[in-house]
Structures are given as C-alpha cells and as structure tokens.
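Just below is one structure, and these are the notes that go with it.
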Amino acid sequence: MAGTLRIHLTDADFRHLQFARSPDPIWESVLGLHVLTAPPDQLPARLRHWRARARGRVRQGEVRGACRLLNDLAPATAYWPDFLTPVESEEGMSAGLRALRGTPRARLVRELREAGRHRTLPVWTRRLAGGDRALLDDVADALRDVHGRLLMPDWWEVEATVAADHARRMEALEGGIGAVFGSFAPFVWQDPVLSAPYPVDRVIRPRGRGLRLIPSFFCHSAPVAIADPELPPVVVYPLAPSPPRGGGARHDAALARLLGTNRARILGALTTTPTTGAVAARLALPASSVSGHLTVLREAGLITSEREGAYVRHRLTPRGRHLLDRPTAQR
C-alpha cells in the first residue's frame with residue numbers, strides 16, 4: 001500500500017463508537033465483485049474458494065449484466081461513489097436499497113463528478129447524474145441481484161465468519177478499548193490515532209460523531225472508508241485470519257470426551273457444512289442420528305438453526321465457534 005489511513009479519535013468519539021456484529025449486505029456485494037476481479041494469489045484461501053464458485057455462477061449469464069454495470073460504477077482500483085453504500089444498509093438490504101433509490105440528484109452529481117476526476121466514466125453515467133430514476137433503479141436492482149445470486153448461496157459462511165470475528169473483538173474488550181484496537185490487524189493503535197495501510201494517504205477526523213467499524217468477509221487487503229467527510233464516518237475492515245484450532249489431536253480428543261465423539265465431529269463439520277443432510281453425508285452417519293445430535297447442540301447454545309426454503313441451515317454460535325477454536329484446559 002502506498003499510503004496510510006489515519007483516524008483521529010477524541011473522547012467524544014469513543015462515546016459513539018460502534019462495532020457492527022453482522023456483515024453489511026450492500027458493502028459485501030460491492031466488495032464481493034472486487035474479489036471476482038482480484039488475482040487469486042492475492043486472496044486468502046476462503047476467498048479463493050468463494051471466487052471459484054461465484055465465477056461459475058457469473059458464467060451462467062443471469063447476473064453478468066449486473067456485474068458489468070456495478071464494475072463500471074465501483075471498480076476495485078479507484079474511487080467509487082458513496083451513494084452506492086448508504087448508511088441505512090446497516091438495517092438490511094431492503095433499507096439500504098430504498099435509501100439508494102432515493103439518492104438526491106445533487107448528491108449523484110457531486111459524487112459522480114468526483115469519480116470522473118479519477119477515471120473516465122461510461123457515457124451512461126451522465127444520465128444517472130441527470131437524475132434518471134429508472135437508471136438509479138437499475139443500479140439498485142443490480143446490487144440486489146449480485147447479493148441474491150452470488151452471495152446468498154454462501155451467506156451462512158459470511159455470517160458465521162463475521163460472528164466469530166465479532167466474538168473475538170468483544171473478548172478482547174476485557175483488556176480495554178486499546179486491546180480491542182490492538183486486535184484489529186492491519187490497524188495500529190497509537191492513542192489517539194488508529195491507522196492502517198491504505199491506497200493513498202487519508203485522514204479521518206470524526207470530531208465527536210463517532211465511528212462505525214464493519215467487519216467484512218470480502219474485504220481482504222486494506223480497510224475501505226466512506227470518502228465524503230460530511231457523511232457519518234464508516235470504515236469496513238478485513239477479517240483477521242481465524243486462529244488455528246488449538247491443541248490439534250489433543251484438543252479433538254478432549255472435545256470428544258466433553259461432547260461425545262459424534263457430537264464433536266458434527267460441531268466441527270458445521271464450520272463448512274450447513275445442513276443436516278450434508279453433515280450426515282460428509283460424516284457417513286444416519287440423518288436421524290445427526291438430527292438428534294443437532295438438537296442437543298442447539299439446546300446447549302452451540303448452534304442455531306433456521307429454515308431457508310426447503311432446507312434448515314445450522315450455524316455455529318460464537319460459543320460453539322469458541323469451543324472449537326480454543327484448547328481444553330489441561331490439569
């Protein structure tokens with residue numbers, strides 16, 4: 001990275017500091033597109049695997065136009081307009097898209113003019129800057145389609161990985177806010193400045209408005225910040241690599257003694273396999289047996305289960321992921 005992002009925090013900012021506990025669907029949609037165009041050798045393993053699956057979905061053609069439109073507006077290597085990632089998306093995809101569709105013309109003009117300073121924009125963006133509401137709807141629809149067709153098949157993994165990251169941050173909070181910031185690789189905390197590598201030199205001064213920090217499954221090299229200093233300060237940051245499962249074979253054996261062999265195997269399988277049938281097939285266990293063990297794990301607060309269409313998806317809770325990641329204490 002050629003520059004540094006520096007965030008100057010005041011005492012008033014700490015009173016409004018927010019650590020998002022879930023992924024932002026619109027930010028993830030844009031950053032997921034960036035992953036599709038990134039060289040695979042620059043991506044962590046989890047994103048290389050996702051990229052391969054998602055590129056196959058793009059080749060099916062139904063979402064290709066949406067990807068092309070959004071890549072024109074929000075390329076990975078240059079400034080892109082803030083109106084694409086409205087703050088309202090913290091309330092979910094529907095709220096974010098409503099806000100995007102309602103973007104005032106003056107803001108469209110201002111942010112597209114700024115984008116034009118960094119690169120040559122497609123001719124059609126002139127209509128967008130002119131207030132073409134049908135075209136703005138097309139942009140919102142493209143984000144909806146990318147999220148639905150490219151991200152949703154793997155959204156359970158996005159949510160589980162982000163939840164585990166949030167749990168680690170909250171655990172670090174026992175050591176104070178400095179310890180939390182110290183856990184935010186690639187950030188460096190030197191009171192009162194939080195800094196990180198960035199494509200250019202950039203300074204953010206919230207001036208009492210606080211800061212919202214959003215973990216992202218698809219952000220992989222450097223944080224991404226809202227560009228307009230007048231907007232609520234938002235920084236999206238890459239997830240730290242998951243800590244290795246401590247203890248290796250000793251830990252697995254201890255977990256099996258604690259939960260029972262099959263329940264321990266099922267808990268571990270849920271890091272990558274979300275449904276009862278898939279777990280049963282992977283572990284060569286009867287589906288009825290797996291279902292019974294899942295009920296026990298759910299009642300213990302180690303997993304949650306939610307119906308999605310024809311399937312029930314199971315996800316590790318922070319407690320369940322914590323149990324897998326930490327070695328059992330030895331006497």
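What follows is calculated from the coordinates using simple rules that are stated; it is not laboratory data. Only a predicted model underlies this, so the values are computations on that prediction, with no experimental measurement involved. Virtual Cβ from ideal backbone geometry, glycine too; neighbours counted across all protein chains shown.
Evaluate the relative contact order of region 248-325 (contact order divided by residue number), counting alpha-carbon pairs under 8 angstrom at least 6 apart; express in whole percent. Relative contact order here is 27 percent.
Mean projected area of the convex hull spanned by the Cα atoms of the chain, taken over all viewing directions: 18.9 nm². Here region 1-28 and region 67-88 have alpha carbon centers that stand 19 Å from each other. Computing FRET efficiency as 1/(1 + (r/R0)^6) for Tyr311 and His49, where r is the C-beta to C-beta distance and R0 is 22 Å, gives about 0.60. Of the residues Leu31, Leu84, Leu297, which exhibits the maximal mean-square fluctuation in a Gaussian network model of the chain defined by a 10 Å Cα contact cut-off? Looking only at Leu31, Leu84, Leu297, the largest GNM fluctuation is found for Leu297.
Can you give the local net charge around Gly301? Use residues other than it whose beta-carbon is closer than 13 angstrom to its beta-carbon, Lys and Arg +1, Asp and Glu -1. Spelling it out: positives minus negatives among the neighbours equals +3. Using C-alpha pairs under 8 Å with a sequence gap of at least 6, the mean separation divided by the residue count of region 188-323 gives a relative contact order of 14 percent.
Comparing Glu114, Glu157, Glu306 in a Gaussian network model of the chain where C-alpha atoms under 10 Å apart are linked, the largest mean-square fluctuation is found at Glu306.
Evaluated at q = 0.11 Å⁻¹, the base-10 log of the normalised Debye intensity for region 248-325, with identical point scatterers placed on the Cα atoms, takes the values -0.24.
Share of pairwise Cα-Cα distances greater than 23 Å in region 25-153 is 31 percent (whole percent).
Here the spin labels are modelled as points 7 Å beyond Cα on the Cα-Cβ line, and at Ala281 and Val109 they lie 5.6 nm apart.
Per-residue Cβ neighbour counts within 10 Å put Phe184, Phe19 in the sequence Phe19, Phe184, beginning with the fewest.
Only Cα pairs under 8 Å and 6+ residues apart enter the sum, and on that basis the relative contact order of region 70-214 stands at 14 percent.
Which residue fluctuates the most in the chain, going by a Gaussian network model with Cα springs under 10 Å, if the choices are Asp137, Asp201, Asp82? So, out of Asp137, Asp201, Asp82, the one fluctuating most is Asp201. By other beta-carbon atoms within 10 Å, ranking Met93, Met170 with the fewest at the front produces Met170, Met93. When Thr276, Thr295 are sorted by how many other C-beta atoms sit within 10 angstrom of their C-beta, beginning with the fewest, the order is Thr295, Thr276.
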